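Please treat every number below as a calculation from the coordinates, not as lab data. Just so you know, these numbers come straight off a predicted model, no measurement behind them. Ideal geometry is used to build each Cβ from the backbone, glycine not excepted, and the neighbour counts take in all protein chains shown.
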Amino acid sequence: MRYAFKLKNDAMVVFDPDTALLSITTPLGEVQNSTIGRAESRLLNLLLMEPGQTKSREEIIDYTWNDRVVASGSLNQAVFSLRNILNDSRDHEILMTVPRRGYCFNRQYVVNAPADLPMPPDTAAQPVEPVMEVLEANPKEALPLPSEKARPSTRITKAQLIGYVLTLGVCAFTGFRSGFDTPKIEVSSIKQNDLVIHAVANTVAEAQSLRDLSAKQVQQSPELKGQVWLNLAKSNYSVSCVRPDLSTANLQSHSEQKDLALMIRQCLEATL
């Protein structure tokens, strides 16, 4: 069964839980497609089964991870990533938190006739593995981290970030708030000690350049821990982070600010 719902910028989304495919039609009529991570897909599927109904954390974890043993913060990371993908990282108006109970999908955003909405053909021919998916569940670590080597750049659509761009979200600043104005982005990641950096740009070369620049600058700060997403959009840097205690933060700075290590430190300052 496919689900349909709106975003806060009036974009229309069709979600197919069988393929984890999100098809987003912007207010300008542009169609953008992305395959989201397994945890985010199952979380979204569960909440859309009964929009407006609160699902407890225990119920979500059981359904999302199929009784697998996962780290305590895996659900927090999945919610953070999904909110960024849906451009809902600021006010949580779509994926709502019910204090001390769990989460629910705001039924005011649900469209009741998904079968009448178009699904572009062959959109799932080349599924993309989102960056956030690799951060999933390690029972021995509070915050799972990628491998020591720099991760190859992964092509994903604008909607998927937000994380993201887990993320950005990222993530959710500047260009990511403008109605999905860039059809494709590139993400390049690297791990330095206990810090994972995800650089986001419009091309592979730009993503790798931002990744290498930020990695070089933080070499003198081995105490930094967590995950950060960096993006240079127009005249601003945006930084989103997940700290070791699984809290999150977002900030932005004018591109004249060249000290990326300082911006990363400020985003993670609660852990220092």
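For segment 192-199, putting each phi into the Karplus relation 6.51 cos²θ - 1.76 cosθ + 1.60 with θ = phi - 60° gives couplings of 10, 6, 9, 10, 10, 10, 10, 9 Hz, in residue order, rounded to whole numbers and with x for Gly and Pro.
How much FRET efficiency would the formula 1/(1 + (r/R0)^6) give for Tyr63 and Thr203, where r is the Cβ-Cβ distance and R0 is 41 Å, rounded to 0.05?
E(calc), rounded to 0.05, equals 0.60.
Extension gain, Gln219 to Gln266: 0.36 nm times the residue separation minus the Cα-Cα distance gives 15.3 nm.
Rounded, prolate or oblate: which fits segment 1-103, taking a ≥ b ≥ c as square roots of the Cα gyration tensor eigenvalues, rounded meaning a/c under 1.5, else prolate when a/b beats b/c? Judged from the Cα gyration tensor, segment 1-103 comes out prolate (a/c at least 1.5, a/b above b/c). Computed from the C-beta positions of Glu50 and Arg90, the FRET efficiency with R₀ = 41 Å rounds to 0.95. Computed from backbone phi, the HN-Hα couplings of segment 49-57 come to 4, 9, x, x, 8, 6, 10, 6, 4 Hz, rounded to whole numbers (Karplus: 6.51 cos²θ - 1.76 cosθ + 1.60, θ = phi - 60°; Gly and Pro given as x).
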